[in-house]
Amino acid sequence: MRKLHQVAMACAISAIMLSGTALAQNAAPKKEETGKDIAFNRTKGNCLACHGMPTVPDAESTGLYGPPLIAMSARFPDKAKLRAQIWDATAFNPASSMIPFGKHGVLTEEEIDKVTDFVYGL
Amino acid sequence: MRQQIITKLLAGVAGLGLALGAVGAYASPESDRQELIKYYQSKYPNIKIDDYVYGALAFDEDSKAQYDAIMEFPPYEADIDAGRKLWETPFKNGKTYASCLPNGGKNIAGNYPMFDEAKGKVVTLNDAINDCRTANGEEAYKLGDKNTMGKLTAYMRTLSDGMLMNVKVQGPKAMAAYEDGKKSFFTRKGQLNFACASCHVQNAGTRLRSELISPAVGHTVHWPVFRGGDNLVMLQNRYEGCFKQVRAVPPAIGSTTMNNLEYFHSSLSNGLPMKASVFRK
């Protein structure tokens, strides 16, 4: 029992230390952006302007221009197809109002990779 | 299912675009207007066309109720009063805007923009006001300036409240200007690749983030607007904002491109009553 207590204590301490490190990273100017960061950033992906994300609790006040992003791996079994959709949706549907993020250089190729990974997981 | 519906909608929009584009050379402005109204009504059969003058407010009862409450005591009345003073103050030569503009400046806003055959170009109401100024030895106002042209028209346009929008497109040169404006309206622009129509036709009544998007029909009858209650915005100021939002370089306010866009855009509201100046979010 005592041993368990010690383990729990050690866990708690390391958790605090870890979060401390995380805080320090937050404060640092060059924290690496995640796919979610890019997707949520209004000057980058701004996905929420048009798409709901029903499985993401902090995706609030989302727009309705495009379909909700859910069950994406089922809808896009081929991840490359999803990436191509983000890169230039008008290639598949000329009437789409979706921004051609890759074609028009709104996001970098690396950013599109990250956003694709994030969206694929929804 | 959802995707299917959207696909159908988009196909419909594409069809509309094709219809408008393909018959461009033959379509009359009136049939363009009817075509758009038909499109909106097929999506929103319960919204009366007369209510399109309220823009996005027509699609949301709560917002409309808030608007009605604000319009009882508009927070921008001081600006309208300042505009009235500008309107009533005679030029140095003793003449006034009323003596220069047709019908004393009353019930004329719905006739603008108009195509001036002598000049061979579209003249907006703001251009006509500046023509009055220069004809009477005054300097022209800067067209996008909110303090001068903005306040003046915020008052002056109220003199046309209730008049029905009546933009005329007659003759080949006027038609060419109209077609140019129509092209601007339907052409995608900027890094973000939006046309005016992407939002205000294809997505009218839909939410962009938490904002409801207004239909293009009914847009042009109520300018200037006071956004947030005190920020005066004239129609072409707003166009400039739209261009910037899609990361396009805006044409100059008062340029032929902007004026032709206003010409096309205004004719879409023909038959709807003018109402200046109003609150918008």
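The values are calculated or read from the model by the stated rules, or taken from the named source; none is laboratory data. Since the structure is predicted, the reported quantities are computational estimates derived from the model, not experimental observations. Virtual Cβ from ideal backbone geometry, glycine too; neighbours counted across all protein chains shown. Surface accessibility is based on the protein's heavy atoms, side chains included, excluding ligands, DNA and RNA. Shrake-Rupley method; radii C 1.70, N 1.55, O 1.52, S 1.80 Å.
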Here the alpha-carbon Rg of the stretch B:77-160 over 2.2 N^0.38 Å rounds to 1.03
For B:F73, A:F40, B:F243, give the ranking by accessible area with the largest first, probe 1.4 Å. B:F73, A:F40, B:F243
Among DSSP beta bridges lying fully in the protein assembly as shown, give the percent that are antiparallel, nearest 5. 75 percent
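Whenever you get a sec, compute what percent of the accessible area on the stretch A:33-120 sits on carbon and sulfur atoms (1.4 Å probe).
Result for the stretch A:33-120: 58 percent of the exposed heavy-atom area is carbon or sulfur.
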Note the angle between two axes, namely the Cα long axis of helix B:29-43 and the longest principal axis of the Cα atoms of chain B, as a number of degrees from 0 to 90, rounded to the nearest 10. 50 degrees
With N residues in the stretch B:152-275, Rg(alpha-carbon) / (2.2 N^0.38 Å) equals 1.06
At 7 Å along the Cα-to-beta-carbon direction for both B:D50 and A:E33, put a label point, then send me their distance in nm to one decimal. 5.0 nm
Loop trypsin sites (Lys or Arg not before Pro), the stretch A:22-101 (other Cβ atoms within 10 Å of the site Cβ: 16 or fewer; DSSP): A:K30, A:K31, A:R42
When the Karplus curve 6.51 cos²θ - 1.76 cosθ + 1.60 is applied with θ = phi - 60°, which whole-Hz ³J(HN,Hα) does each residue of the stretch B:62-74 get, with x for Gly and Pro? 4, 4, 5, 5, 4, 4, 4, 5, 5, 6, 5, 10, x
Kirkwood radius from Cα pairs of chain B plugged into Stokes-Einstein at 10 °C, 1.306 mPa s, gives D in µm²/s equal to 81 µm²/s
Provide Rg and Dmax in Å for the stretch B:35-82, with only Cα atoms included in the calculation. 14.4, 43
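Can you tell me how much longer the chain between B:Q34 and B:L164 gets when fully stretched, taken as 0.36 nm per residue apart minus their C-alpha distance, in nm with one decimal?
Difference between extended and current length: 45.2 nm.
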Taking +1 at the Cβ of each Lys and Arg and -1 at the Cβ of each Asp and Glu, which of B:F243, A:S96, B:M258 sits farthest along the dipole of the protein assembly as shown towards its positive end, judged by Cα position relative to the Cα centre? A:S96
Before we go on, tell me the buried accessible area for the A/B pair, both chains summed, 1.4 Å probe, in Å² to the nearest 100. 2000 Å²
With Cβ to Cβ distances under 13 Å as the rule, what net charge do the other residues near B:K183 carry (K, R +1; D, E -1)? 0
For a distance above 15 Å, tell me the whole-number percent of Cα pairs in the stretch A:33-120 that qualify. 56 percent
Degrees, to the nearest 10: B:235-245 long Cα axis against longest axis of chain B: 50 degrees
Please turn the phi angles of the stretch B:77-89 into ³J(HN,Hα) values with the Karplus equation 6.51 cos²θ - 1.76 cosθ + 1.60 (θ = phi - 60°), one per residue in order, whole Hz, x for glycine and proline. 4, 4, 5, 5, 4, 4, x, 4, 4, 4, 5, 7, 5
The ³J(HN,Hα) series, computed from each phi in the stretch A:107-122 with the Karplus coefficients 6.51, -1.76 and 1.60 at θ = phi - 60°, rounded to the nearest Hz and given as x for glycine or proline, is 10, 6, 4, 5, 5, 5, 4, 5, 5, 4, 4, 5, 5, 4, x, 7
Count the net charge of all other residues whose Cβ sits under 14 Å from the Cβ of A:D88, scoring Lys and Arg as +1 and Asp and Glu as -1. +3
The stretch B:65-106 - Rg over Rh from alpha carbon coordinates, Kirkwood radius: 1.20
In nm, the gap between the two label points placed 7 Å beyond Cα toward Cβ at B:K106 and B:D60 is 3.8 nm
Starting from the Kirkwood Rh over alpha-carbon pairs, what translational D in µm² s⁻¹ does the protein assembly as shown have by Stokes-Einstein at 20 °C and 1.002 mPa s? 90 µm²/s
What nm value, rounded to one decimal, do you get for the distance between B:Q41 and A:N93 when each label is placed 7 Å out toward the C-beta? 2.7 nm
Here the whole-number average of other chain Cβ atoms within 10 Å per Cβ of B:189-200 is 3
